[in-house]
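Have a look at the structure below before the remarks.
The values are calculated or read from the model by the stated rules, or taken from the named source; none is laboratory data. Quick caveat: nothing in here was measured; it's all calculated off a predicted structure. Cβ atoms come from the backbone with ideal geometry, glycine included; neighbour counts cover every protein chain shown. Protein only, heavy atoms only, side chains kept; ligands, DNA and RNA dropped before computing areas. Shrake-Rupley method; radii C 1.70, N 1.55, O 1.52, S 1.80 Å.
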Amino acid sequence: MSERLIGASVPRLHDERLLRGDGHYVDDIDAIGALHVAFVRSPVAHGHVTRFDATAALRAGAALVLGPDDIARLTGPLPTIWRIPGQHLGEVELAAHTVRYVGQPIGLVVARDRASAEDAVELVEIEIDPLPQVIGIDAALADGAPLVYPEIGTNVAGEIHFGAPVEDVDKAVTDAPHVVERVFDVQRICHSPMEPHGLLAEWVPSVGSMTVWISTQVPHVVRTGVAAGLRLRADQVRVVAPDVGGAFGGKAVLSVDETLVCLAAKVVGGRVKWIEDRRENLTASYQGRGQRAHARLALDADGRFLALHTWIKGDLGAYPSQAGSGPFQVAGLTVEGPYRFELAAATVTAVYTNTVPTGAYRGYGMQESSWIRERLIDDAARELGLDPVELRLRNMISPRELPHTTHTFLTYDSGDYPEALRRAAELAGQRRKPSTGRIRRGVAVTSAVEVTGFAPSALLEMFAIDMAGWESARVRVNEDGTVTVFAGVISIGQGVETALAQIVAEQMGVPLDWVSVQLGDTATSPYSNLTSQASRSVTLAGGALMHAGERMRARMHALAAAHLGVAVEDVKLDGAVFRSSERETTWREVAHRGWMGWGRPDPDRIQLEEVVDFDPPAITFAHAAHGAAVAVDLDTGTVTVEDYWSVNDSGVLVNPRIADGQIVGGIAQGLGIALHEQVLFDDATGAPLTTTFADYHLPRSKDVPDVVVEHRVTPSAHNPGGFKGLGEGGTMLPPATVANAVANAVPEIAGSLTVTPLTPQRVWELLSDAGLAG
Amino acid sequence: MAHKEITVTVNGVTSTRTVEPRTLLSDFLRHDLRLTGTHVGCEHGVCGSCTVLLDGAAVRACLVLAAQVDGHTVETVESLADEGRLCGAQRAVMEEHGLQCGFCTPGILMSMAAAERDEQTADEVVSTVLQGHVCRCTGYLGLRAAIERHFREREAAR
């Protein structure tokens, strides 16, 4: 074996291409002859569409206009994936005779270019009978609230309870010597990948085939959805994901808008393209987060955690997206984090509002649960006069208590949670700067456990989640000896193709540059349902490739031994040459002979391919402790994050540099939630207020300090590589960590730090209420 | 709509094309000249993905009309590599893991190129170059390291 590749920070395979401007994102595909779509979107938050007249648009030269009646006639609904008990809407309808949010597509125009299509949209005449709208969770649950679906008589879409019976928790809380009770909000977030959504759809009428090039995380889910929506067979639809310019959960389902573009291609019988513009992305794409939680933590006099209950109310928006209430349910499931509680429970209520639907966003419920838990613990420590690190350690699950099953039936596998927390506290303690004048400084550390490698399939079935947890991968030695890897996970900029190539090269004992990785094409990729979301690509596809690479190595050695007429134990691969004591042959010759079918040890196996399906026995849990040092300007309310630390355990790291990039990038997004980003609506009209990047504040370079990342490696026992996921972990803790550091700096407002983002305005108002502002 | 004929030199190649008056430079580069390395991230001048050099100075191609560059010189990310070899800025961004999805990267590289021509110092560039760019993936650490490294190396080479 040459040098180890698993664990090596090799440069990413695709970087050079991207740096040259040779990336191949969906809008870069040569679309000569393609027609372009612009959507007719609802200007109101709620109402019945009573007129849709395309006459003028068609007269002005639009190639096609589709309205609600056409769409209803030509389409079927999209399946939903994760429902909540009581949910009456099991599918996503494509036709909008009733609009339920501003920006909802009512129809579309197809024209020779985008600008002409947008011109023609202006000529489509629509009339909408307005209905009263409801914006925000509390408004939706108020008595007499306007109903998003009057036919069900409530804005509650469904409800589920996890953990101990609520009466038991109520009793424990009532009897407890100390209780901290708060209402915590997490704002809506727009994923804001730098590349918005987009697709090029091509219908070939003569053969009845639909090819969709689309910026997505889930090619097979798109295929299933397009087939359902357009009433096609799955085998008529091919979906290709080219380079994807960021996703973060926002490209994890098929949207109505995207499906309608495919419909347009089918109707015109050719190629049709739509690239979402930034305003559409900020206002009409599915969003993330949006929840309010009523949380109670009961402690005994020594600070032992007696009971935790959270009632999470999640804002589904106008209808359940394909992911629906999934993130809110995960928030409920993961609220215990790395601590012991005598009792714990979560109730999750999903709520309809007249706003764009929500769904997955990086951190998927776990940022929300960390926010609730870590804020509660911090306030409890303050109220009890205990050191917050000591209070955490007193209740933290130790390595010898693992595996540990939570009250919500998650079984943590491995890790050293207290050690990571102690180290984060040590790092934060070393760098503490004093308060000066009107600048107050504070530090905090927090901890979380992360669900990674979302599987196994049987668990998802048990939770009634219509997803497959397994992953598949294929290793092929080509006729010239090069190696091609096919996997169902896809590249969304995270660098997974490099990590997978490293795994295969190491397992086969070949140089990295012999290996290429092919992802993201339903015509050639193994079926994958969840693909690259839920921090699972390396854990699961990598797990499959650990086996596939090892098997292919063994087969090549067996073929070489047969060719050389020696026992397989006598063959060694030395660079590109197989050597035995007397004779030698090349790797390339063995590959050639293999594809010729010559001298095969096993008569029934010819193709030099190994396919492995990997369904792990259980979820593997990563964990992290974070620390933040902040400065709060009492005059302006500005919070500056001066230092940030992460001590992360994601098991065996395939490429530490890529791992660091994922963690730091996740932390930057978490800091965005903590301090900057929020989707806002006008309560009176439901109109989105954050419609440009000038209104929706993404973190800039100056907003992200020089984050320090340290790794701990507790190999997972649930996959052959010892891997745990890390795509989302960075995002989970920054809001709680920053808020707790602000509380440490300004304890006078600690109990009011319940809403993110902590914008200067919000913090200044809290400071003002406490008599501290200038 | 009356069309306008423009003659523009892009990456050293001069060509004459007919454009609509409302055509953005970013769309002209991408769709008329098929130089798709210039990416469109927001179309309102905030994200910086579409940054190109116009007569040597960094501009947002989404805020410039194609008609405005008639008679001028434009450089895009495709011009940076020298006879197939990555330029210093590209190498630094790769070596410091300053990119993930790669969508914002060409614009940042063009701002680095503009800073090189302005003879900005390594101490200046880290804040000036990234002031005008949004990267959603990296958290900027790799980009800051790459920019600092590249300009320190340039200073050392003088």
Burial-style ranking of A:131-137, A:584-590, average other-beta-carbon count within 10 Å with highest first, yields A:131-137, A:584-590
Taking every residue of A:19-32, the Cβ atoms of other protein chains inside 10 Å of its Cβ average out to 6
A:Gly47 neighbourhood, Cβ < 10 Å, K/R = +1, D/E = -1, net charge -1
For the pair A:Arg438 and A:Thr411, the simple spin-label estimate (label points 7 Å beyond Cα toward Cβ) gives in nm 5.8 nm
Checked against the positive end of the charge dipole of chain A (+1 on Cβ of Lys and Arg, -1 on Cβ of Asp and Glu, about the Cα centre), the farthest of A:Thr685, A:Val109, A:Gly665 is A:Gly665
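Under unit Cβ charges (Lys, Arg +1; Asp, Glu -1), what dipole magnitude, rounded to 20 debye, does chain A have relative to its Cα centre? The partial results should precede the final answer.
On the way: 65 positive and 95 negative charges, 171 e Å.
With Lys and Arg at +1 and Asp and Glu at -1, about 820 debye.
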If the chain between A:Leu58 and A:Asp185 were fully extended at 0.36 nm per residue, the gain over the current Cα-Cα distance would be 41.0 nm
Rounded to 0.05, the calculated FRET efficiency for the beta carbons of A:Leu680 and A:Trp595 at R₀ = 60 Å is 0.50
The summed charge of the A:Ser580 Cβ neighbourhood (under 12 Å; Lys/Arg +1, Asp/Glu -1) stands at -2
Full extension between A:Glu125 and A:Glu569 adds, at 0.36 nm per residue less the Cα distance, a length in nm of 152.1 nm
Around B:Leu29 (Cβ within 13 Å, Cβ-to-Cβ, excluding B:Leu29; K/R +1, D/E -1) the net charge comes to -2
Counting only DSSP beta bridges fully inside the protein assembly as shown, the antiparallel percentage to nearest 5 is 80 percent
With +1 at each Lys and Arg Cβ and -1 at each Asp and Glu Cβ, the charge dipole magnitude of region A:509-610 around its Cα centre, to the nearest 20 debye, comes out at 80 debye
Listed by chain and number, the residues whose amide H is under 5 Å from that of A:Ala307, excluding neighbours fewer than 5 places away on the same chain and using placed H, are A:Ala298, A:Glu342, A:Leu343
Relative contact order in percent for chain A (Cα pairs under 8 Å, 6+ apart) equals 15 percent
Region B:1-127: antiparallel bridges as % of DSSP beta bridges, rounded to 5, reads 90 percent
Taking alpha-carbon centroids only, region A:434-455 lies from region A:632-701 a number of Å equal to 13 Å
Of every hundred units of 1.4 Å-probe accessible area on chain A, the number belonging to carbon and sulfur atoms, as a percent, is 52 percent
Burial-style ranking of A:73-82, B:44-53, average other-beta-carbon count within 10 Å with highest first, yields B:44-53, A:73-82
The alpha-carbon center of region A:348-364 and that of region A:65-113 are separated, in whole Å, by 17 Å
Between chains A and B, total accessible area buried, probe 1.4 Å, no ligands or nucleic acids, nearest 100 Å², roughly 3900 Å²
Counting other chain Cβ atoms within 10 Å of each Cβ in A:238-247 and taking the mean gives 3
Farthest towards the positive end of the dipole of the protein assembly as shown, among A:Pro760, A:Val348, A:Pro132 and with Cβ unit charges of +1 on Lys and Arg and -1 on Asp and Glu, lies the Cα of A:Val348
Taking a probe of 1.4 Å and leaving out DNA, RNA and ligands, the protein assembly as shown shows per residue an accessible area in Å² of 34 Å²
Computed, not fitted: 222 nm per-residue ellipticity of chain A from DSSP H runs ≥ 4 (each -39500 (n - 2.57)), nearest 500, equal to -8000 deg cm²/dmol
In debye to the nearest 20, the charge dipole size for region A:33-152, taken about the Cα centre with +1 at each Lys and Arg Cβ and -1 at each Asp and Glu Cβ, equals 300 debye
Per-residue average of other protein chain Cβ atoms inside 10 Å, peptide A:692-699 -> 4
Region A:378-427 and region B:16-87 have their Cα centres apart by a whole-number Å value of 52 Å
Output ordering of A:164-172, B:25-33, A:755-763, A:724-732 (per-residue mean of other Cβ within 10 Å, highest first) is A:724-732, B:25-33, A:755-763, A:164-172
So A:Ala770 and A:His97, fully extended at 0.36 nm per residue minus their Cα-Cα distance, gain in nm 237.3 nm
